[in-house]
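Student: Provided herewith is a single structure, encoded as structure tokens, for subsequent inquiry.
The values are calculated or read from the model by the stated rules, or taken from the named source; none is laboratory data. Because the structure is a prediction, the values reported are computed rather than measured. Every residue, glycine among them, receives a Cβ derived from its backbone with ideal geometry; neighbour counts consider all protein chains shown. Side chains included, ligands, DNA and RNA excluded: accessible areas come from the protein's heavy atoms. Shrake-Rupley method; radii C 1.70, N 1.55, O 1.52, S 1.80 Å.
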Amino acid sequence: MSSFRWKEVTTLIRILLADDHAMFRSGIRVLLELQEDFQVVAEAMDGRDAVRKALETRPDIVLMDISMPGMDGLAACGEIKSARPDTRIILLTQYENREYILPATKLGASGYVLKRAAADELVNAIRVVHSGRAFVDPAVAQVMMEELRTPSHTGVASLTEREREVMVLMARGKTNQEIATALGMSVKTVDFHRANLMQKLGLQSRADVVRLAVKQGIVD
């Protein structure tokens, strides 16, 4: 009597990986592709590239760094969710930064994971989010609880998407002309956003912007 073994059909979780550090992307890709049910369908080097490739490849999960040049991860998250609501987004960051956690949630992110998290925690986060649930790194969850106890509506969280983008590029040493070119706006508009963000944050100089951005983990 013959016996047959049916091959189990595995549903692939299609992943877009977005981070501006090539070596980090490479390491994460190796980790993800060790999982039989994971498939990295594309990589992106910044937020705008992530939006474009998310629309092209239609991934199940976008695993994306918050701090990227040009359009940051928060802005990209908002655009991807607006165009493809079913795409689930996990944001990666080096810091459990209270200025970004709640705005990320409001923009539709399903997960928030620290870059220093263990490999198995990242893998678990992807599976949890793919199943339709939310995943928050334990350290980040603690910060969220503190934020809910003492809500704050000031600081970086009060900036608009454009103001955050301008702040990131300022902190990376870009001139107003370079920022205007990168964001597709006039120098006069850059000046407007720069003045607004500095007023909101109580900053006096570009050096103050750089110091705050580094302190808050907005740039490396």
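Student: Would you mind working out the magnitude of the charge dipole of the chain relative to its Cα centre, with +1 at each Lys and Arg C-beta and -1 at each Asp and Glu C-beta, to the nearest 20 Debye? Kindly include the intermediate steps, with their values, before the conclusion.
Tutor: Working: 29 positive and 29 negative charges, 65 e Å.
Roughly 320 debye for the chain.
Student: Near Leu55, within a Cβ-to-Cβ distance under 13 Å, what is the net charge of the other residues, with Lys and Arg +1 and Asp and Glu -1?
Tutor: Details: positive: Arg48, Arg52, Lys53, Arg58, Lys81, Arg84; negative: Asp49, Glu56, Glu79, Asp86.
Its environment carries a net charge of +2.
Student: Whole number in Å², please: accessible area per residue of the chain, 1.4 Å probe, ligands, DNA and RNA not counted.
Tutor: Numbers: 11470 Å² over 220 residues.
Accessible area per residue, the chain: 52 Å².
Student: Taking all protein chains in place and a 1.4 Å probe, what share, in percent, of the accessible surface of the chain do carbon and sulfur account for?
Tutor: Working: 6130 of 11470 Å².
Ligands and nucleic acids excluded, carbon and sulfur reach 53 percent.
Student: Continuing with the same structure: If I build a Gaussian network model for the chain, linking alpha-carbon pairs within less than 10 angstrom, which residue out of Glu165, Glu178, Glu79 has the largest mean-square fluctuation?
Tutor: Judging by the Gaussian network model, the answer is Glu178.
Student: Of Lys81/Lys188; Lys174/Lys215; Lys106/Lys188, which sit over 25 Å apart, Cα to Cα? Can you show the working numbers first?
Tutor: Details: Lys81/Lys188 30 Å; Lys174/Lys215 19 Å; Lys106/Lys188 30 Å.
Beyond 25 Å between Cα atoms: Lys81/Lys188; Lys106/Lys188.
Student: Can you list residues from other chains, or at least 5 along the same chain, whose modelled amide H is less than 5 Å from the amide H of Ile13?
Tutor: It is Phe38, Gln39, by chain and number.
Student: Could you estimate the translational diffusion coefficient of the range 60-140 from the Stokes-Einstein equation, with Rh from the Kirkwood formula over C-alpha pairs, at 25 °C and 0.890 mPa s, in whole µm²/s? Walk me through the intermediate numbers first.
Tutor: Numbers: Rh = 12.4 Å.
My calculation gives 198 µm²/s for D.
Student: For the range 42-58, what does the Karplus curve 6.51 cos²θ - 1.76 cosθ + 1.60, with θ = phi - 60°, yield as ³J(HN,Hα) per residue in whole Hz, taken in order and with x for Gly and Pro?
Tutor: 6, 10, 9, 9, 7, x, 5, 5, 5, 4, 4, 6, 5, 6, 6, 9, 6
Student: Name the residues whose placed amide hydrogens come within less than 5 Å of the amide hydrogen of Leu203, ignoring near sequence neighbours (fewer than 5 apart) on the same chain.
Tutor: Residues meeting the criterion, in which the H sits 1.01 Å from N, do not exist here.
Student: Let me ask something additional. Compare Leu203, Leu183, Leu34 in a GNM of the chain, Cα atoms joined below 10 Å, and give the one with the largest fluctuation.
Tutor: In the Gaussian network model the winner is Leu34.
Student: Tell me, what HN-Hα J-couplings in whole Hz come from the Karplus equation 6.51 cos²θ - 1.76 cosθ + 1.60 at θ = phi - 60° for each residue of the range 13-19, using x for Gly and Pro?
Tutor: Ordered by residue, 3J(HN,Hα) equals 9, 8, 10, 9, 10, 10, 6 Hz.
Student: Tally Lys/Arg at +1 and Asp/Glu at -1 over every other residue whose Cβ is under 15 Å from the Cβ of Arg84; what's the total? Could you put the intermediate results ahead of the total?
Tutor: Details: positive: Arg14, Arg52, Lys53, Arg58, Lys81, Arg88; negative: Glu56, Asp60, Glu79, Asp86.
Its environment carries a net charge of +2.
Student: Quick query: amide H of Ala18 versus all other amide H atoms, modeled in the peptide plane; which residues come in under 5 Å with a sequence gap of 5 or more or a different chain?
Tutor: It is Ala44, Leu63, Met64, Asp65, by chain and number.
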